[in-house]
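Step one of this worksheet: look at the structure below.
The values are calculated or read from the model by the stated rules, or taken from the named source; none is laboratory data. Keep in mind that what you see is a predicted model, and the values were worked out from it rather than measured. When we count neighbours, we look across all protein chains shown, and the Cβ atoms used for this are built from the backbone with ideal geometry, even at glycine.
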Amino acid sequence: MLSLASVFLLVFGIALVFLLSPGARSFGHFFLSPHFFRLAFFGDASESVPPMWQAFLKNVGLCLVAEVLVLFWALPVALLRMSKSALLAGPRLLATIYVDLARGLPLILVVLAVYFGFPQLEIPFISNGTWFEYGLFCLVFCYGAYVSEVYRAGVVAVPYAQTLAGQAIGLTKVQILRYVTVPQALRIVIAPLINDFVSLQKDTAIIGIGAGVIEILKAAQINQGVYFNDTSYATAGLLFLAICVPLTRLAEHFQARDQQLRLAGSIGVPA
Amino acid sequence: MSESPLLKVNGLIKKFGERTVLDGIDLEVSSHEVVCLIGASGSGKSTLLRCLNTLEVPDAGTIELLGVDLADDDVRGELVRRQVGMVFQAFNLFPHRSVLDNVTLGPRRVLHQSKATAVSAALDLLERFGLGEKAAEYPDRLSGGQQQRVAIVRALAMEPRLLLLDEITSALDPELVGEVLDVVRELATSGMTMVLATHEMEFARDVATSVVFLAEGRIVESGPPEAVLHEPRDERTKVFLRRYLEGAG
């Protein structure tokens, strides 16, 4: 009851600030107009305004393919970074430099460099990529580094005692990985992984800066240009929220489950 | 002592960097013996147990299990570990697997038993130690004492010839120690060969066939429990036991 009142008061209070502000009317018209929302969402053939839901599909497609590639690409990077062999010192250094670069560079700079830089190189394979291929490259380049660190953290987080326990019942190294370490690392990794994917999903909008294709950002800009109304940006926001909020919830769910599991098998935690 | 010993340790040396943790250990364990290792923390008890299970590789000396030298290149760790079970201080159960799956993992993947065989054997064992109802539970739903009993069952499921117990009650709340010790007592009665590191002196006196006192990586004194615990000859053993008795109360 008290919590309900607290939520209500807060929401009501914030709404009031907006509703009572001097510019409430024009703000509502320019950013939250149902009329322009409909036009933005479904498009308007008479003005050749593209439907934003369709444009958004390009972002969704890009992020889905990028996520799969990132999952694979990050694996060798993480393994290299974790390797101890002297033989791999060279590749290990390379992997470290890559991770530093990719995590340190803002995606928007990478996008500009790739979309406007690669074609100028005039190298056959690299210089004639499609917007989709360049987009994939940018996202996988940047997020591969993050995800490789997530992998690394996941493996490190499984206590060594688990490996010992596996050895003690006679499991081989490969069996320990398969039945003991990796399943636990996966559980640990899944929540941070989803978090990175949420972030990746959002960052597909940045691809629009370089890509010559009508994805969500371009669609919103066209819309804004035609109607002189910013509701298309709010529409874009809603579309992203529709995907990202459930994903975030999912991550929280996994996180809670993982926390519970991690308490087990360790010292003295009664039920 | 007509039969050859199950386990024979000769001149075992183990170093961690500069530090010598085990400094020439000689030890023989025959079938159905219960050997209690006592000694202060850092005296080498755990390291010795780990060496016996090839979880640690000795720097010198030999360990023979059933007449087979463990240092032999043809002897793979996994093979040794089938014969030797180990239970850890912190249980080390697999938190992502149910109690039943914890117990059957080894029999199924190492001994290649069918699922039905492994499950029915596991359920029998769990039943025997009062854990029958917990088979489907996950470790986080169990008390520390129950978790440790599951860990013992997991080791027993491999039908080991030798069971190593590494301070298995040290992580437990005092009221849970009894139920775990009872399990070990029952195993001793049923003839299981065991080497255990423990701080439970009374328990050692009750179940041990011999007590080994370690200090600074060496065996200072060993023999029947009455002799070592009640009439220690070495000064270090006396000091250790006196300190322990004072501490206990």
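If the condition is being of a type in the set (Gly, Ala, Ser) and crowded, with 19+ Cβ neighbours inside 10 Å, then segment B:141-167 contributes B:Gly144, B:Gly145, B:Ala151, B:Ala155, B:Ala157. In the set (1) under 27 Å from B:Ala171 (Cα atoms); (2) surrounded by fewer than 18 Cβ atoms within 10 Å (Cβ to Cβ); (3) more than 13 Å from chain A (Cβ to nearest Cβ), B:Asp73 fails one condition alone, (1).
Restricting A:Tyr98, A:Tyr115 to residues that are crowded, with 20+ Cβ neighbours inside 10 Å and either part of a helix (DSSP H, G or I) or acidic (Asp, Glu) (or both) narrows the list to A:Tyr115. Those strands (runs of 3 or more DSSP E) of segment B:1-68 in which 3 or more residues are within 16 Å of the chain's Cα centre (by Cα) and within 20 Å of B:Glu221 (Cβ to Cβ) occupy B:7-16, B:19-29, B:34-38. Exactly one residue out of B:Ala136, B:Ala71, B:Ala118 is part of a helix (DSSP H, G or I), over 21 Å from B:Asp166 (Cα atoms) and small (Gly, Ala, Ser): that is B:Ala118. Screening B:Ser170 on (1) surrounded by fewer than 18 Cβ atoms within 10 Å (Cβ to Cβ); (2) away from chain A (no Cβ under 13 Å); (3) within 14 Å of the chain's Cα centre (by Cα) shows it passes everything except condition (2).
Scanning segment A:139-166 for residues that are at the interface with another protein chain (Cβ under 10 Å from one of its Cβ atoms) and surrounded by 22 or more Cβ atoms within 10 Å (Cβ to Cβ) returns A:Ala165, A:Gly166. If you go through segment B:145-167 and keep only what is in contact with a Phe, Trp or Tyr (Cβ under 6 Å, 6 or more places away or on another chain) and within 11 Å of chain A (Cβ to nearest Cβ), you end up with B:Gln147, B:Gln148, B:Ala151, B:Asp166. Evaluate segment A:38-53: report whether one residue or more is without any contact (Cβ under 8 Å) to a residue 12 or more places away in the chain, of a type in the set (Val, Ile, Thr) and out of contact with any Phe, Trp or Tyr (no Cβ under 7 Å at 6 or more places or on another chain). Within segment A:38-53 (the criterion being without any contact (Cβ under 8 Å) to a residue 12 or more places away in the chain, of a type in the set (Val, Ile, Thr) and out of contact with any Phe, Trp or Tyr (no Cβ under 7 Å at 6 or more places or on another chain)), the answer is no, since none of the residues qualifies. Using the structure shown, decide if B:Ala151 is closer than 23 Å to B:Leu55 by Cβ and of a type in the set (Gly, Ala, Ser). Criteria met by B:Ala151.
Among the candidates A:Leu109, A:Leu87, A:Leu101, the residue that is over 22 Å from A:Thr204 (Cβ atoms) and among the hydrophobic types (A, V, I, L, M, F, W, C) is uniquely A:Leu87. Looking at B:Thr47, B:Thr20, B:Thr104, B:Thr54, just one residue is under 30 Å from B:Lys238 (Cβ atoms) and within 14 Å of another protein chain (Cβ to nearest Cβ), and that residue is B:Thr47. Residue check: B:Lys45 meets all listed conditions (1) farther than 16 Å from B:Glu216 by Cα; (2) surrounded by 20 or more Cβ atoms within 10 Å (Cβ to Cβ) but one, namely (1).
Here B:Val195 clears all of (1) in contact with a helix residue (DSSP H, G or I) (Cβ under 6 Å, 6 or more places away or on another chain); (2) under 20 Å from B:Gly85 (Cα atoms) except the condition numbered (1).
Which residues, counting only those in segment B:155-183, are in a loop (DSSP other than H, G, I, E, B) and more than 23 Å from B:Gly39 (Cα to Cα)? B:Ala157, B:Met158, B:Glu159, B:Pro160, B:Arg161 - these are the residues of segment B:155-183 that are in a loop (DSSP other than H, G, I, E, B) and more than 23 Å from B:Gly39 (Cα to Cα). Determine if segment A:168-176 includes at least one residue that is over 16 Å from A:Trp73 (Cβ atoms), within 14 Å of chain B (Cβ to nearest Cβ), outside any helix (DSSP H, G or I) and hydroxyl-bearing (Ser, Thr, Tyr). Yes: segment A:168-176 contains one or more residues that are over 16 Å from A:Trp73 (Cβ atoms), within 14 Å of chain B (Cβ to nearest Cβ), outside any helix (DSSP H, G or I) and hydroxyl-bearing (Ser, Thr, Tyr). Taken together, the criteria place A:Thr181 among residues that are crowded, with 19+ Cβ neighbours inside 10 Å, within 14 Å of chain B (Cβ to nearest Cβ), farther than 23 Å from A:Leu39 by Cα and modelled with pLDDT of 85 or more. Of the candidates A:Thr231, A:Thr248, A:Thr204, the single residue that is farther than 23 Å from A:Phe137 by Cβ and buried (at least 20 other Cβ atoms within 10 Å of the Cβ) is A:Thr231.
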